[in-house]
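The values are calculated or read from the model by the stated rules, or taken from the named source; none is laboratory data. Every value quoted in this text rests on a predicted model; they were computed, and no experiment measured them. Backbone-built Cβ (ideal geometry, glycine too); neighbour counts: all protein chains shown. Side chains are part of the model used for accessible areas, which takes the heavy atoms of the whole protein and leaves out ligands, DNA and RNA. Shrake-Rupley method; radii C 1.70, N 1.55, O 1.52, S 1.80 Å.
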Amino acid sequence: MKNIMVIDDDIYIGDMLEEMLRREGYGVRRAYSGTEALLLLEQKSPDLVLLDLMLPGLSGEEVLSKITGIPVIVLSAKAEVSGKVRLLLKGAADYITKPFDMDELLARVTVQLRNAAVSGKTAALTFEELTLEVDSHEVRAGEKPVRLTKTEYAILRRLMQNPSQVLTKSQLLDLVSEDTPDCTESSLKVHISNLRRKLRQASGKDYIEAVWGIGFKLKEE
């Protein structure tokens with residue numbers, strides 16, 4: 001089941017979207033402010049985001065700037081072409097003006113999920129000098145290949161898919177379990193320690209940061 005996050009403070013529109021999406025077989029999570037949306041995104045990444053621009057707390061544009069690796073369809077009453085262009089250049093996958101036709105929105109959701117599935121099979125993830133080839137499972141630090149175990153690769157992939165987020169130990173274990181059953185709560189620190197060592201040997205940098213009492217994230221300079 002694909003999961004979609006609806007970020008909109010309008011309860012009527014949110015309820016309507018949730019009902020429609022669930023009827024089509026999607027899982028739905030709701031957020032009513034920009035701040036709440038970021039907290040939920042840190043807990044678990046959806047497959048697609050429907051994002052209103054006029055939000056309490058952080059604006060939709062601020063939320064958009066913090067979302068990476070997830071297709072975002074902006075829902076907005078603003079119809080100016082310049083605004084649409086700016087948001088598309090800032091990373092939105094699509095833009096639909098309110099009021100919108102439900103069938104058209106569903107078609108756009110289907111297209112973005114299909115595109116994400118296709119690109120996910122062949123895309124390369126990058127973070128500073130690190131490159132991770134999703135299809136071949138090859139990892140490089142600059143031009144140097146880094147040989148990783150299946151579990152180390154799975155951990156690095158999930159961290160690189162969420163480069164600005166702190167993943168808790170439980171979140172990381174849940175995500176990694178989709179790729180390999182070999183990582184347990186007791187072995188996670190060992191796998192991460194080995195991964196950090198291999199990346200440091202290849203690049204001279206420490207790419208993984210432990211956030212005390214919470215979890216792990218990629219270390220930004």
Task: Burial ranking of peptide ranges 164-171, 197-204 (average Cβ count within 10 Å, highest at the top) - done: 164-171, 197-204
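Give me the dipole magnitude in Debye, nearest 20, for segment 60-172 about the Cα centre, with unit charges on the beta carbon: positive for Lys and Arg, negative for Asp and Glu. Don't skip to the answer; put the middle values down first.
Working: 16 positive and 14 negative charges, 50 e Å.
That gives segment 60-172 a dipole magnitude of about 240 debye.
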TODO: Report the dimensions of the chain along its three principal axes from the alpha-carbon atoms, largest first, rounded to Å.
DONE: 54, 34, 31
- [ ] Give, rounded to the nearest 20 debye, the magnitude of the charge dipole that segment 114-184 has about its Cα centre when Lys and Arg contribute +1 at Cβ and Asp and Glu contribute -1 at Cβ.
- [x] 80 debye
- [ ] With a probe of 1.4 Å, find how much accessible area segment 1-154 has per residue, and write the answer as a whole number in Å².
- [x] 53 Å²
Open item on the list: Please list, in order, the residues from segment 176-202 whose amide nitrogen is less than 16 Å from a point placed 7 Å along the Cα→Cβ vector of Lys219.
Closed with: 192-202
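Count the lysine pairs in segment 82-193 whose Cα atoms sit under 22 Å apart, keeping only pairs 8 or more residues apart in sequence or on different chains. Before the final figure, lay out the partial values.
On the way: Lys84/Lys98; Lys90/Lys98; Lys121/Lys150; Lys150/Lys169; Lys150/Lys189; Lys169/Lys189.
Counting lysine pairs in segment 82-193 gives 6.
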- [ ] Find how many whole Å separate the alpha carbon centroid of segment 56-73 from the alpha carbon centroid of segment 134-191.
- [x] 25 Å
- [ ] Counting only DSSP beta bridges with both residues in the chain, tell me the antiparallel percent, nearest 5.
- [x] 45 percent
TODO: Identify, among Gly91, Ser170, Asn115, the residue whose Cα sits farthest towards the positive end of the charge dipole of the chain, taking +1 on the Cβ of Lys and Arg and -1 on the Cβ of Asp and Glu, with the dipole about the Cα centre.
DONE: Ser170
- [ ] Please sort 15-21, 183-189 by packing, taking for each peptide the average over its residues of neighbouring beta carbons within 10 angstrom, highest first.
- [x] 15-21, 183-189
TODO: Evaluate the distance, in nm, between pseudo-label points positioned 7 Å from the Cα of Lys169 and of Met16 along their respective Cα→Cβ axes.
DONE: 4.6 nm
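Could you tell me what percent of the accessible area of segment 97-221 is made up of carbon and sulfur, with a 1.4 Å probe and every protein chain present?
50 percent
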Task: the chain: relative contact order in percent, alpha carbon pairs under 8 Å with at least 6 residues between - done: 13 percent
Open item on the list: Along the Cα→Cβ direction, 7 angstrom out, place labels at Gln201 and Phe100. What is the inter-label distance in nm?
Closed with: 4.9 nm
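What do you reckon, how do Glu42, Glu152 stack up by accessible area (1.4 Å probe), largest on top?
Ranked from most to least accessible, the order is Glu42, Glu152.
In debye to the nearest 20, how big a dipole does the chain give about its Cα centre with +1 on each Lys and Arg Cβ and -1 on each Asp and Glu Cβ? Could you put the intermediate results ahead of the total?
On the way: 30 positive and 34 negative charges, 178 e Å.
Computed about the Cα centre, the dipole is about 860 debye.
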